[in-house]
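Novice: Have a look at this one.
The values are calculated or read from the model by the stated rules, or taken from the named source; none is laboratory data. The model shown is predicted, which means the values in this text are computed figures rather than measured ones. Here the Cβ is made from the backbone with ideal geometry for all residues, glycine too, and neighbour counts use every protein chain on show. Protein only, heavy atoms only, side chains kept; ligands, DNA and RNA dropped before computing areas. Shrake-Rupley method; radii C 1.70, N 1.55, O 1.52, S 1.80 Å.
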Amino acid sequence: MFFHFGMNTFTDSEWGNGNESSSQFNPTGLNAHQWVDVASKTGVSLVILTAKHHDWFCLWPSQYTQHSVKNSPWKNGHGDVVRELVDAANTSGIDVGLYLSPWDRHDKRYGLELEYNEYYLAQLQELLNRYGSVKEIWFDGAKGPNATKMNYYFGDWFSMVKELQSSINIFSDAGPDVRWVGDEKGYAGSTCWSTINRTSLRIGDGSIVGYLNVGDPRGTDWVPPECDVSIRTGWFWHKSEEPKPLSQLIDIYYNSVGRNCLLLLNVPPNSTGLISDADVRRLQEFGRAIDTIFTTNLAEGSISEASSQRGGKNGGFGPEKALDKDHLWTYWAPNNEAHKEHWIEIVAREKGFRFNVERIQEAIGLGQRIQSHEIYADGNLVANGTTIGNKRLHRLALGTLQAHRVRLHIRESRGLPLISSIGPYWQPEKVNIKNGTHQ
Ligand code: FUL
């Protein structure tokens, strides 16, 4: 979950111009425990805070600028939003990430290459030294059309980040660890590779968004995509905006998580310093809907068959491995007949499956391989697609079906396909938006 919070929250803007006064920041009821609690109840594992957005107001008392919480009326200048979030997240066992905007509309050093890069490095160091373990750092490629020209020393920034936090993931348009998906709608390409060629990427280059969205089967770098999207129209809280309808959030889930991506859903705290009730309710509905759909794999306890299996009956790679609870590291693998097409099928023991969603996962720890696949229900083609990756979710175009046999047929794959999990699921047709229950 992304938390866009800062000066813009108080000025009703999305991009502050950098001339705001620190005295405008005063979230009198701020409670980061509420933010983290909402995130945790939605099923979120990591929260990322905009420690500083383009207007350069710092949510922590940086020693390198006066434009921060220390000169605001909030807690008489003794507050620290980063600290409060980190403490709340640590208590709940949720990971923390930080966003530090490279584009700065406030500081006079912006545009002076060496001075500004040193200043930025100093602030990075402050954030990554002071607050314990930080799991993701978010480098935003955004810059206004009239922004002062500025050369960022990304190479130096990235090396220092890794030096200070060895297990951190660095996000930017170009990775190195996590890449932008190329849009802010929360939609990955229907073909979506975790691999890409980093040499073809440049941070902030608008011409590569299509490439970022799809990835590259011939890419030599493993840089999975992350879909950042806001629950509201804007990234920051505005009194006039409402959260998106539940149906739209569910669409986003299918088009991000269901297309081999991480979902980074932004939920902006309001000017009191709390997540608004309307967003809390929508997130409850969303979390409940995802649980309702995906908690039960209807194929649990079913029979499984496959075109072949590596090492024969006792080889440990039978199709039943795609139905066990240990998703990632146990998997079905076919025989080493690289040029053949392969399939795996789930057979119902009794009544058959009543389902309208199919979920497939590759053993992603051994790479992303599948290029083209089809789903058959009792011999009829009901869904098809290209890549699978960490997770592919198909909503069946025909709606709810009843079938005894559900087969995944792999048409093309780079090397042998390895399936760690497969299953039919059922999404209730009516989602009662009012109270979040499902009928
Ligand atoms: C963009 C920024 O300009 C937006 O304000 C927001 O922070 C979004 C996540 O990234 O590039």
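Novice: Testing Gly287 on (1) open to solvent by less than 20 Å² (accessible area, probe 1.4 Å); (2) not in a helix (DSSP H, G or I), one condition comes back false. Which one is that?
Specialist: (2)
Novice: If you don't mind, another one. Working only within region 15-42, note down all residues that are crowded, with 16+ Cβ neighbours inside 10 Å, small (Gly, Ala, Ser) and more than 13 Å from the ligand (Cβ to nearest atom).
Specialist: Within region 15-42, Gly18, Ser22, Ala32, Ala39, Ser40 meet the criteria.
Novice: Given the conditions (1) at pLDDT 95 or above; (2) among the polar types (S, T, N, Q); (3) within 26 Å of the chain's Cα centre (by Cα), which single one is not true for Gln402?
Specialist: (3)
Novice: Just to be sure before I move on: is Ser45 touching a strand residue (DSSP E or B) at 6+ places or on another chain (Cβ under 8 Å), more than 16 Å from the ligand (Cβ to nearest atom) and open to solvent by less than 30 Å² (accessible area, probe 1.4 Å) in the structure I sent? Give the steps one after another, and end with the answer.
Specialist: On the way: touching a strand residue (DSSP E or B) at 6+ places or on another chain (Cβ under 8 Å): yes; more than 16 Å from the ligand (Cβ to nearest atom): yes; open to solvent by less than 30 Å² (accessible area, probe 1.4 Å): no.
For Ser45, the condition - touching a strand residue (DSSP E or B) at 6+ places or on another chain (Cβ under 8 Å), more than 16 Å from the ligand (Cβ to nearest atom) and open to solvent by less than 30 Å² (accessible area, probe 1.4 Å) - is not met.
Novice: Out of Asp55, Asp95, Asp12, Asp87, report the one residue that is within 16 Å of the ligand (Cβ to nearest atom) and either touching a Cys at 6+ places or on another chain (Cβ under 6 Å) or open to solvent by 60 Å² or more (accessible area, probe 1.4 Å) (or both).
Specialist: One residue alone meets the criteria, Asp12.
Novice: Among the numbered conditions (1) among the hydrophobic types (A, V, I, L, M, F, W, C); (2) within 16 Å of the ligand (Cβ to nearest atom); (3) modelled with pLDDT of 95 or more; (4) open to solvent by less than 30 Å² (accessible area, probe 1.4 Å), tell me where Trp180 comes up short.
Specialist: Of (1) among the hydrophobic types (A, V, I, L, M, F, W, C); (2) within 16 Å of the ligand (Cβ to nearest atom); (3) modelled with pLDDT of 95 or more; (4) open to solvent by less than 30 Å² (accessible area, probe 1.4 Å), only one is false for Trp180: (4).
Novice: Also, I was wondering about something else. Quick check on my filter: what residues within region 71-86 are over 17 Å from Tyr131 (Cα atoms) and touching a residue at least 40 places away in the same chain (Cβ under 8 Å)?
Specialist: Across region 71-86, the qualifying residues are Asn71, Ser72, Pro73, Trp74.
Novice: Within region 71-84, track down each residue that is open to solvent by less than 60 Å² (accessible area, probe 1.4 Å) and more than 28 Å from Glu226 (Cβ to Cβ). Steps first, please.
Specialist: Let us first name the residues in region 71-84 that are open to solvent by less than 60 Å² (accessible area, probe 1.4 Å), namely 72-74, 77, 79-82, 84.
Across region 71-84, the qualifying residues are Ser72, Pro73, Trp74, Gly77, Gly79.
One line per residue, one yes/no per condition, for (1) open to solvent by 50 Å² or more (accessible area, probe 1.4 Å); (2) among the small types (Gly, Ala, Ser); (3) over 27 Å from Leu396 (Cβ atoms):
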position: Gly234; (1), (2), (3): no, yes, yes
position: Ile250; (1), (2), (3): no, no, no
position: Leu262; (1), (2), (3): yes, no, no
position: Pro268; (1), (2), (3): no, no, yes
position: Ile275; (1), (2), (3): no, no, yes
position: Ala278; (1), (2), (3): no, yes, yes
position: Arg281; (1), (2), (3): yes, no, yes
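Novice: For region 204-212, indicate whether the set of residues that are part of a helix (DSSP H, G or I) and open to solvent by less than 40 Å² (accessible area, probe 1.4 Å) is non-empty. Write out each step before concluding.
Specialist: Pass one, region 204-212, residues part of a helix (DSSP H, G or I): 206-212.
Adding the requirement that they be open to solvent by less than 40 Å² (accessible area, probe 1.4 Å) leaves 208, 212.
Yes, region 204-212 contains at least one residue that is part of a helix (DSSP H, G or I) and open to solvent by less than 40 Å² (accessible area, probe 1.4 Å).
Novice: Among the residues in region 194-212, are any away from the ligand (no atom under 16 Å from the Cβ) and in contact (Cβ under 8 Å) with a residue 60 or more places away in the chain?
Specialist: Yes: one or more hits.
Novice: Exactly one condition in (1) more than 22 Å from Thr233 (Cβ to Cβ); (2) over 20 Å from the mean Cα position of the chain (by Cα) is false for Val86; which is it?
Specialist: If we test Val86 against (1) more than 22 Å from Thr233 (Cβ to Cβ); (2) over 20 Å from the mean Cα position of the chain (by Cα), just (2) comes out false.
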